[in-house]
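Beneath this line is the structure, given in structure tokens, with notes to follow.
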């Protein structure tokens with residue numbers, strides 16, 4: 001079923017009912033239903049590489065990692081979305097019935113695409129920052145060796161750091177984990193995006 005995104009506002013309940021039957025994924029933003037763009041093979045490869053390397057136990061702390069099919073609910077902004085990768089420290093906290101809508105990621109990873117990069121850097125990051133458990137945000141470029149990292153300090157301020165170049169190693173601030181760009185970008189073909 002395709003959702004007809006008319007120029008009317010939907011309730012969260014209407015959106016969730018429509019989304020259950022939808023063929024494509026849609027984001028919900030304060031009454032509006034927006035079709036999410038499809039990912040490229042490079043996009044998918046990068047998200048999968050991150051997931052494969054991230055350990056589920058770090059220093060006796062349990063983590064769960066979810067990739068793009070688990071929906072994130074952000075009640076403060078009236079948003080439902082599907083981050084490329086979410087890491088939850090401890091147990092997931094669900095909104096509503098079932099196990100579809102989580103509310104408590106500590107790390108979110110977005111693989112940047114031409115159609116979404118501006119939104120991922122601006123409004124989406126603002127929405128994510130309203131999540132109390134949220135500690136770290138990674139924006140991974142799929143067209144070159146580049147990652148932007150934001151991490152939350154104890155005083156609530158966010159610090160920015162970026163990484164560039166094929167020999168780089170990305171080190172997380174909120175978990176004892178690092179990944180080389182060689183592993184993160186394994187089997188990614190930048191030339192595909194030049195065609």
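Read-outs throughout are calculated quantities, based only on the coordinates presented, and are distinct from any laboratory measurement. For clarity, every value in this text was computed on a predicted model and none was experimentally measured. Ideal geometry is used to build each Cβ from the backbone, glycine not excepted, and the neighbour counts take in all protein chains shown.
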Given 0.36 nm per residue, what is the gain on full extension from residue 62 to residue 126 after removing their alpha carbon distance, in nm?
20.4 nm
Given the peptides 75-85, 59-69, arrange them by the average over their residues of other C-beta atoms within 10 Å, most packed first.
75-85, 59-69
For the chain, what's the radius of gyration and Dmax over Cα atoms, in angstrom?
16.7, 49
Give the distance, in whole Å, between the Cα centre of segment 118-177 and the Cα centre of segment 5-75.
18 Å
With a/c under 1.5 counting as rounded, go ahead and sort segment 19-131 into rounded, prolate or oblate using the C-alpha gyration tensor (a ≥ b ≥ c being the square roots of the eigenvalues; past the cut-off, prolate if a/b is larger than b/c, else oblate).
oblate
Which value in Å is the Kirkwood Rh of segment 98-161 over different Cα pairs?
12.6 Å
As I understand it, the value is the acute angle between the Cα axis of helix 12-21 and the longest principal axis of the Cα atoms of the chain; what does it come to in degrees, rounded to 10?
80 degrees
To the nearest 10 degrees, how steep is helix 41-53 against the longest Cα principal axis of the chain, on a 0 to 90 scale?
70 degrees
Computed D for segment 52-101, Stokes-Einstein, Kirkwood radius over alpha-carbon pairs, 10 °C, 1.306 mPa s, to the nearest µm² per second, is 133 µm²/s
Less than 20 Å from a label point 7 Å out along the Cα-to-Cβ axis of residue 114: which backbone N atoms in segment 30-49 qualify, by residue?
35-47
